[in-house]
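K.L.:
Have a look at the structure that comes next, please.
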Amino acid sequence: MSTPPSHQAGQELACDIFCAVVDNFGDIGVCWRLARQLRAEHGWRVRLFVDDLAVFHALCPAVDTSLARQEAAGVVIEHWREPAHAGDALEIADVVVEAFACEIPHAYIAAMARREPKPVWVNLEYLSGEDWVADFHLRPSPHPRYPLEKSFFFPGLGAGTGGVLKERGLDAARERFDAATWWRERVGIERPDAASTVISLFAYENPAVDALLAQWRDGASPVVLLVPEGRISGAIARFFGLPKFAAGASARAGALQAHALGFVEQPRFDELLWAADFNFVRGEDSFVRAQWAQKPFAWHIYPQADDAHLPKLDAALAHYASGLSPSARDAINRFWHAWNGAGTPDWADFRRHRGEFEARAAQWADELADVGDLAGNLVAHAAARMGG
Ligand code: TRH
């Protein structure tokens, strides 16, 4: 699907996005990226309701956690301080996005039902590469009590889904990236030469990390590991016999040199992925960014009860690995599964396919772009619903 035209003069649509932070950074990470894009690329007037401003502050340091209402990047941010809060005055937007099935305030829903024309109401779901997603994308669901209809908007990796977020200027920014300056400013060292393998590591706690760290330490060629401070930092510290591995720390063992990085504002997160040769990412938003970075990567999927995440892992692999030779496909399957709890990751087995993974990463980014950018697809859906 192609990107729909931006809003036209006199049609600045209002959009309210409701985001409840369940855990970590992904819920607000996706909503904040979407909000900025709707504002910057489509000219929508966006208001973002968020219940946890402290988590938001990590992604956007301009956010003041003490304020009930503020603005950043042209987006109005409302502290969704209690479930019933819907802003000081009840204003209903043209497009209402409830993210990840959070419950929007009852008074707001009742006012939506009174509004003419009715707002376009969308529940933004979590990303999955599974086939069923295309069948359910944009299915309407009538409200049991009010004359309202909500659509389920499913991000996905295949045709007929809502796609994933991609800013219009992303590829150009990646091509302009000044790696030498980044290394000096962010890591405090010169950019490693081509003999070193640079690996970024953004992950949940993971028992498989010890085996990988040992393989990198004992390997024949240098590995430079970049670790954003977070849930995996404790394991890195233990490996090096340090009390902690906080931003600014460095450690060396054998062929492995590791650097801990501070958490950066969201628009700068991509730089880490561009600077590395291999990326380890997790959750949803960083998983998508790794695909746009066009580098080989491994995904630490968000673990769900009853291993419900495993079909999603396989579905992503089915898309991403489909263009690979059988041996490279087997290697990435083994490696991603081992990184997600099944077996021990074998770095040498994975790394020897680097050239093929790099070629596939670029090809896959083109295939994924063909699905259309999520924000653009949402704008097109809203326009269709409004008869525009
Ligand atoms: O943080 P995550 O694990 O988030 C989630 C949540 O757990 C959520 O509940 C779950 O449902 C979802 O995953 C699937 O991973 P994710 O999605 O990659 O979000 C991390 C965000 O943090 C992403 O937007 C990038 C951002 N980030 C920065 O802005 N700066 C940084 O320095 C780093 C390391 C990350």
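K.L.:
In 20 Å bins starting at 0, how do the alpha-carbon pair distances of the chain split up by percent?
P.N.:
Once binned at 20 Å, the Cα pair distances of the chain give 27, 56, 17, 0.
K.L.:
For the pair Val22 and Ala348, how long in nm is the line joining their label points, each one 7 Å along Cα→Cβ?
P.N.:
A separation of 4.0 nm, rounded to one decimal place.
K.L.:
If you build a Gaussian network model of the chain, linking Cα atoms that sit under 10 Å apart, which residue out of His85, His300, His143 swings the most?
P.N.:
His143
K.L.:
By how many degrees, 0 to 90 and rounded to 10, does the Cα axis of helix 374-385 deviate from the longest principal axis of the chain?
P.N.:
Taking the Cα atoms of the chain, the angle to 374-385 is about 20 degrees.
K.L.:
Another one. Could you tell me which of rounded, prolate or oblate describes the range 1-137, using a ≥ b ≥ c as the square roots of the eigenvalues of the alpha-carbon gyration tensor, with rounded for a/c under 1.5 and, failing that, prolate when a/b is larger than b/c and oblate otherwise?
P.N.:
Taking the square roots of the gyration eigenvalues as a ≥ b ≥ c, the range 1-137 is rounded.
K.L.:
Between Arg351, Arg36, Arg184, find the one with the highest GNM mean-square fluctuation for the chain; connect C-alpha pairs within less than 10 Å.
P.N.:
It is Arg184.
K.L.:
Now, a different point. Accessible area of Tyr302, 1.4 Å probe, to the nearest 10 Å²?
P.N.:
Its heavy atoms expose roughly 90 Å² to the probe.
K.L.:
While we're on this one: Report the one residue of Val63, Val97, Leu368 whose Cα lies farthest in the direction of the positive end of the charge dipole of the chain (charges on C-beta: Lys and Arg +1, Asp and Glu -1; origin at the Cα centre).
P.N.:
Positive-end residue among those listed: Val63.
K.L.:
Continuing with this model, one more query. Most mobile of Gln304, Gln266, Gln291 per a Gaussian network model of the chain (Cα springs, under 10 Å)?
P.N.:
The residue with the greatest mean-square fluctuation here is Gln304.
K.L.:
Assign unit charges at the C-beta atoms only (+1 for Lys and Arg, -1 for Asp and Glu), then state the dipole size of the chain relative to its Cα centre in Debye, rounded to the nearest 20.
P.N.:
With Lys and Arg at +1 and Asp and Glu at -1, about 400 debye.
K.L.:
Right, another one. Quote the accessible area belonging to Glu82 in square angstrom, nearest 10, computed with a 1.4 Å probe and with ligands, DNA and RNA left uncounted.
P.N.:
Spelled out: Glu82, probe radius 1.4 Å, area about 100 Å².
K.L.:
Give me the percent of accessible area attributable to carbon and sulfur for the chain, probe 1.4 angstrom.
P.N.:
Carbon plus sulfur share of accessible area: 52 percent.
K.L.:
Counting pairs of alpha carbon atoms under 8 Å apart in space and at least six apart in sequence, what relative contact order in percent does the chain give?
P.N.:
That works out to 16 percent.
K.L.:
Express in nm, to one decimal, how much length is gained between Ala180 and Glu116 on full extension, taking 0.36 nm for each residue of separation and deducting their alpha carbon distance.
P.N.:
17.5 nm
K.L.:
Cysteines of the chain lacking any other cysteine beta carbon under 4.7 Å?
P.N.:
Cys15, Cys60, Cys102
K.L.:
Would you mind working out the magnitude of the charge dipole of the range 170-369 relative to its Cα centre, with +1 at each Lys and Arg C-beta and -1 at each Asp and Glu C-beta, to the nearest 20 Debye?
P.N.:
Approximately 460 debye in magnitude.
K.L.:
Now for a different question. What is the Å³ per residue value for the convex hull set by the Cα atoms of the range 235-363?
P.N.:
132 Å³
K.L.:
Could you state the accessible area per residue of the range 204-253 in Å², with a 1.4 Å probe and every protein chain left in place?
P.N.:
Dividing the accessible area of the range 204-253 by its residue count gives 47 Å².
K.L.:
Net charge around Phe202, counting only other residues with Cβ within less than 11 Å of its Cβ (Lys, Arg = +1; Asp, Glu = -1)?
P.N.:
That sum, taken over residues with Cβ under 11 Å, equals +1.
K.L.:
Normalised by the residues of the range 87-225, what does the relative contact order come to in percent, with Cα pairs under 8 Å and at least six apart?
P.N.:
So the answer I get is 15 percent.
The values are calculated or read from the model by the stated rules, or taken from the named source; none is laboratory data. Everything numeric in this text was worked out from a predicted model, so none of it was measured. FYI the Cβ positions are ideal-geometry reconstructions off the backbone, even for glycines, and counts take in every protein chain you see. Only protein heavy atoms, including side chains, enter the accessible area calculation; ligands, DNA and RNA are left aside. Shrake-Rupley method; radii C 1.70, N 1.55, O 1.52, S 1.80 Å.
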